[in-house]
Each structure stands twice: as C-alpha cells, then as structure tokens.
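Enquirer: Structure below; questions to follow.
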Amino acid sequence: MGTTLNSSKKAKNTGAGPLQLAGALDTYTAAGLRDTLETALRDRSELTLDLSAVESCDFSTLQLILSVRRSAELAGKPFAIAVVSGEVTQACAALGVSLETAPAGERNESCPAQS
C-alpha cells in the first residue's frame with residue numbers, strides 16, 4: 001500500500017509503493033505538496049505517483065509535478081505517474097499540459113507525455 005497525501009493533512013512519505021495524492025491540490029496546498037514530493041524523491045530510490053484520488057488541481061500542482069519529474073530525471077531516479085483522476089486529465093487538457101501517466105512503455109493517452 002502506498003502513502004496518501006490528502007490536501008488537508010501531511011502524510012509520511014517513506015515506504016514502498018506509490019505516493020497517493022488526494023483531495024483538492026491547488027495554490028494553497030502547493031508548498032506542503034512540494035515539501036512532501038521533494039522528501040519522497042530524496043528518500044526513495046524511485047517515485048511513483050497515484051493521482052486517482054485527486055478531486056481538483058490547478059496549474060501550480062501540474063507545474064510542481066512536472067518539476068519533480070525533471071528533478072527525478074536529473075537525479076537518475078525512475079519517476080512515473082501510475083493513475084490519474086478524471087479531474088487531473090481535464091486540468092491537463094484545459095491547461096495544455098502533459099504528464100507521463102504510466103511506467104515507461106505504457107502511456108495513458110488521456111494525458112500523454114510530452115516528448
């Protein structure tokens with residue numbers, strides 16, 4: 001079982017499995033989310049996000065996820081987004097942002113990765 005970060009509380013981000021983000025993720029929760037993702041990236045050998053329980057997100061959240069993905073690439077650590085909610089997919093489309101949503105070789109075309 002992965003770790004859950006709900007926008008109303010901080011979660012421990014150690015352990016195996018996906019880090020699940022849940023609730024409303026927006027400008028108000030971005031600082032706490034940034035800290036959690038940076039810690040997870042530092043403490044884990046790889047980082048997989050589960051966005052299936054995200055109820056809403058804005059550009060700041062998507063930008064943060066893209067930044068963490070880039071940091072993982074620079075650190076040589078695997079990064080993946082295993083599952084996205086419909087709300088994340090809609091935010092991607094509305095903002096013209098693309099996220100990698102599956103492990104390498106398995107892309108979710110609802111929110112494709114940019115090349």
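Enquirer: I want to check the label-to-label distance for LYS77 and THR89. Put each point 7 Å from Cα in the C-beta direction and report it in nm to one decimal.
Expert: 2.9
Enquirer: Show the residues, 5+ positions off or on another chain, whose built amide H is closer than 5 Å to the amide H of LEU19.
Expert: THR3, THR48, LEU49, ASP50
Enquirer: While we're looking at this one, here's another question. Per 0.36 nm of contour for each residue apart, how much would the distance between ASP26 and GLU55 grow if the chain were fully extended, relative to their Cα-Cα spacing? List each step's numbers first, then the result.
Expert: Details: separation 29, 0.36 × 29 = 10.44 nm, distance 1.04 nm.
Result: 9.4 nm gained on full extension.
Just so you know, all these numbers are worked out from the coordinates, no wet-lab data involved. Remember, it's a predicted structure, so these values are computed and weren't measured experimentally. Because the Cβ atoms are built from the backbone with ideal geometry, glycine has one as well, and the counts that use them run over all protein chains shown.
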